[in-house]
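Following: one structure in structure tokens, then a few remarks.
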Amino acid sequence: MENVYGIEYSKPEVVLLQDTGIGVAETAARTCYDSFENSENKIIKDIQNTLPDDNMCSELNSIDESNLLDDLAWTYFHHSILEHANLSFLIRGTSRGVLQEHARHRIQAISVRSTRYTMSSIINAFVTSKHGGNKEYFIDKILSFDMFVTSDVEYNKIEIGAIYDKLNYQFSVVDDFYSIAVAKSSIPFLKSFDGDVDVLFDALEAGKKKRNVGDAFKHIVSDNVKVDMVVTFNLRSLKNYFNLRDSGAAYFQIRWLAQEMMRVTPSKYLDLIVKKR
């Protein structure tokens, strides 16, 4: 947790899912210069005279150092070679605000937890609040979801209260609110239900999910909502990302994320893209 501008925030968690190694990048560079024989890595020298088989490729991808790549990265600034190395990160607990910042980085592959498909629990809590619950029930239920990067309980109650008010307004102006909020199979159950609100919520959670439920309700969530994502950068783009986002001028949440990504990035990559530490 960290306090920023008087508000407590949680920080994201990052795991490096896969990395392709730097051997292919050196192979690409050696191809440009036809200089395989000058490599300090035997497997690179061997590629001069033969097409690599599976075992050679495995050895190639295990290379940890390359003098040529170091020279190209730091002496000649020939960074296009770095595009042949890729790293994929699993990110959990960053914010939709950070997702907007990520959109400014052109060269990355990104897959993000979708609000179209993953808002059912929020809507089920609201529907339950209209069938024996109330606004306080909704706030307490959503608090238990741990869905915000802000971690101050009183602040989050304000945020959740605003979500409730937006949903309640929509409830008042849509003729058949439940048709857009819950699966058709749950509507008869709602009409006949008269019991414990937690039983109703659990039943809605266990029932069929409304397809694309987020289409009607994306307006209720803010930049504070947590998102999970997988991002893949080539090493040249990752260099740009770290240069810009590990800066004191960067938005603090994406700076936290860049620092966590850097922490799990092996040194063989950092040595090529981050100023010597």
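Structure values in brief
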| quantity | calculated |
| --- | --- |
| Ranked list, fewest to most other Cβ atoms within 10 Å of each Cβ, for ARG96, ARG211, ARG245, ARG106 | ARG106, ARG211, ARG96, ARG245 |
| Positive-end residue, the chain charge dipole about Cα centroid, Cβ charges, pick of THR94, ALA206, ASN240 | ALA206 |
| Rounded to the nearest 20 debye, dipole of segment 120-220 from Cβ charges on Lys, Arg, Asp, Glu | 520 debye |
| Spherically averaged projected area of segment 123-277 from its Cα convex hull (nm²) | 12.2 nm² |
| Dimensions (Å) - segment 1-71, Cα atoms, principal axes, largest first | 63, 27, 17 |
| Dipole in debye (nearest 20) - the chain, about Cα centre, beta carbon charges: Lys, Arg +1; Asp, Glu -1 | 840 debye |
| Ranked MET262, MET56, criterion: other C-beta atoms within 10 Å, fewest first | MET56, MET262 |
| VAL264-GLU2 pseudo-label distance in nm [points 7 Å out on the Cα-to-Cβ vector] | 1.7 nm |
| Among VAL153, VAL197, PHE217 the positive-end extreme of the charge dipole of segment 120-220 (Cβ point charges) | PHE217 |
| Fewest-first sequence of LEU257, LEU51, LEU82 by Cβ atoms within 10 Å of each Cβ | LEU51, LEU82, LEU257 |
| Three principal axis lengths of the chain [C-alpha, angstrom, descending] | 80, 43, 26 |
| Distance between modelled label sites at ARG211 and ASN243, nm, 7 Å Cα→Cβ extension | 4.7 nm |
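Values in this text are rule-based calculations from the coordinates and carry no lab data. A quick note: this is a predicted structure, and the numbers were derived from the prediction, not measured. Backbone-built Cβ (ideal geometry, glycine too); neighbour counts: all protein chains shown.
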